[in-house]
1. When Asp39 is evaluated against the numbered criteria (1) away from ligand 2 (no atom under 16 Å from the Cβ); (2) modelled with pLDDT of 95 or more; (3) open to solvent by 20 Å² or more (accessible area, probe 1.4 Å); (4) touching a Lys or Arg at 6+ places or on another chain (Cβ under 8 Å), which criterion, by number, is the only one it fails?
2. Under 23 Å from Phe314 (Cα atoms), more than 13 Å from ligand 1 (Cβ to nearest atom) and not in a helix (DSSP H, G or I): which single residue out of Leu110, Leu173, Leu163 fits that description?
3. Restricting to segment 200-232, what's the tally of residues that are open to solvent by less than 20 Å² (accessible area, probe 1.4 Å), under 25 Å from Ile273 (Cβ atoms) and outside any helix (DSSP H, G or I)?
4. State whether the residues of segment 72-80 include one that is part of a helix (DSSP H, G or I) and within 11 Å of ligand 2 (Cβ to nearest atom).
5. Please go through segment 112-161 and pick out each residue that is away from ligand 2 (no atom under 16 Å from the Cβ) and among the charged types (D, E, K, R).
6. Tell me which residues, restricted to segment 81-130, are small (Gly, Ala, Ser) and in contact with a Cys (Cβ under 9 Å, 6 or more places away or on another chain).
7. Answer yes if at least one residue in segment 25-32 is surrounded by 14 or more Cβ atoms within 10 Å (Cβ to Cβ) and within 16 Å of ligand 1 (Cβ to nearest atom), and no otherwise.
8. Of all residues being in contact with a strand residue (DSSP E or B) (Cβ under 7 Å, 6 or more places away or on another chain) and open to solvent by 10 Å² or more (accessible area, probe 1.4 Å) in segment 74-94, which is nearest to ligand 1 (Cβ to nearest atom)? Just the residue, please.
Amino acid sequence: MQQSIQFDVDLINRYDKAGPRYTSYPTALEFHEGFTGDDYQQQIKLSNERGGPLSLYFHVPFCDTVCYYCACNKIITKNRQHAVPYLQNMHREIAKLGAMFDKNRVVDQLHWGGGTPTFLNFEQMQALMDVTRQHFNLRDDDGGEYSIEIDPREANEETIQQLRSLGFNRISLGVQDFDPAVQKAVNRIQTEEQTFSILAAARAAGFRSSSMDLIYGLPLQTVESFSATLDKILAVEPERLSVFNYAHLPAMFKVQRQMNEADMPSAALKLDILQMVIQRLLEEGYVYIGMDHFAKPDDELAIAQREGRLYRNFQGYSTHSECDMVGFGVTSIGRVGDAYIQNVKQLDAYDESIKEDKLPVFKGMLLNADDKLRGAIISQLMCHFELDYQRIEQEYSIVFAEYFADALQQLELMKQEGLLELSKQGIVVKPGGRLLIRNICMAFDRYSAKKKTSFSKVI
Ligand SMILES: C[S@@+](CC[C@H](N)C(=O)[O-])C[C@H]1O[C@@H](n2cnc3c(N)ncnc32)[C@H](O)[C@@H]1O
Ligand code: SF4
């Protein structure tokens, strides 16, 4: 496939409306509390019958200080002691779930996210990995994708070596923006030295495919200021880059109200920044993977996309597909058997469940055949920007044109507007439609007409 992208301001303006990021289909908004720990256990049984490798996700919610833009599930505290009971509970959760999953299933993918995973000290991190290893079949050959999110303000070169010794082989670094005024406005002061010394340490320690996170749309950003941030980032050539559109959802994340409304860039300015970002990254030889993600053409992610082996899950894009994903810790989301499962969100509810020896399930959803079919289509479009009807028809025993007559009608309009090509064989998203892939996917989303206000704008 062609990995190009085109910035078409007219199309973007016409389609710029709220939409899901499709890290899952159906999205977490459809999960409900009728799904219980017993349902989860049944799905684990089904998952064991099917077999295959596993993916494990661990949520460490704590952060030392709050970044005003933050839309992550976090708990702000300077008291490191809060991690102690949390980790004790997590160890018990790992043991409980470990006893339910078939021990032969290899863990091909593992991720620590947050919050800030390195809020923990080395002994705590080591114990967490040891307990995981005790109850799950972790790989020892460095052949898995074992990744961690790093806030460079909460790590040093030693931390990075320690993480490598624990088995991690990939990191992503939170940067967001280097401009001092922007950093002050979002309450995240982070020097270039802090950031780049962590990247250098990761490379020296043998981490592969380091990634950096930037956000556009933050207060006081201008095309020039963000371009200066990009200059500094591109000079160190990260293998992967995420340039997120700032998701402004102050009703859900009250801390976002701390930023001065008058300092926020206009929609037009955000578009100008995005245009500059895309142009510069393409000039520098990065390819667009999709949904804010860029990679060097020789990076595994870019290769997997060219070879049709890319997948998308809650952690973003990945090359490991067939894994059922098991979540640990507050708010974590898993996908096991035919279900999505989300853990409770509050520390006390988590504590209570674990003390009662229950799975800390908050809600979830059992997928029906239609959900699975639509989920496969959306994932394919998000990852590869094309869809072959015949493959779907064979796998799901449907007649595409009949089953999706409504969706195809919506897509016909998008075809006329130049977002995509439609033929008897399938859909090919054009370079100008790639930034609007969420809108294209929404045509296949049975639930998308509802609750749109819970999503951020597409661009
Ligand atoms: C879960 S955070 C964790 C990383 C780590 N705590 C740190 O800050 O470096 C992962 C990334 O989400 C992105 N992010 C957080 N809030 C966002 C928002 N409101 N809109 C877009 N991206 C956001 C940031 O780029 C951040 O690096
Ligand atoms: S961006 Fe990272 S460090 Fe900042 S509040 Fe969010 S999770 Fe914590």
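The values are calculated or read from the model by the stated rules, or taken from the named source; none is laboratory data. In this text, all values refer to a predicted model and were calculated from it rather than measured experimentally. Neighbour counts run over all protein chains shown; Cβ positions are idealised from the backbone, glycine included. Heavy atoms of the whole protein, side chains included, go into the accessibility calculation; ligands, DNA and RNA do not. Shrake-Rupley method; radii C 1.70, N 1.55, O 1.52, S 1.80 Å.
1. (4)
2. Every option except Leu110 fails the conditions.
3. Here the count works out to 10.
4. no
5. Residues satisfying the conditions are Glu123, Asp130, Arg133, Arg139, Asp140, Asp141, Asp142, Glu145, Glu157, Glu158.
6. Within segment 81-130, the first condition is being small (Gly, Ala, Ser), and the residues that meet it are 83, 95, 98-99, 113-115, 127.
Matches in segment 81-130: Gly113, Gly114, Gly115.
7. yes
8. Step one: of segment 74-94, the residues in contact with a strand residue (DSSP E or B) (Cβ under 7 Å, 6 or more places away or on another chain) are 74-77, 82-83, 90, 93-94.
Imposing the further condition that a residue be open to solvent by 10 Å² or more (accessible area, probe 1.4 Å) reduces the set to 74-77, 82.
Working: Lys74: 7, Ile75: 12, Ile76: 11, Thr77: 14, His82: 16 Å.
Among those that are in contact with a strand residue (DSSP E or B) (Cβ under 7 Å, 6 or more places away or on another chain) and open to solvent by 10 Å² or more (accessible area, probe 1.4 Å), it is Lys74.
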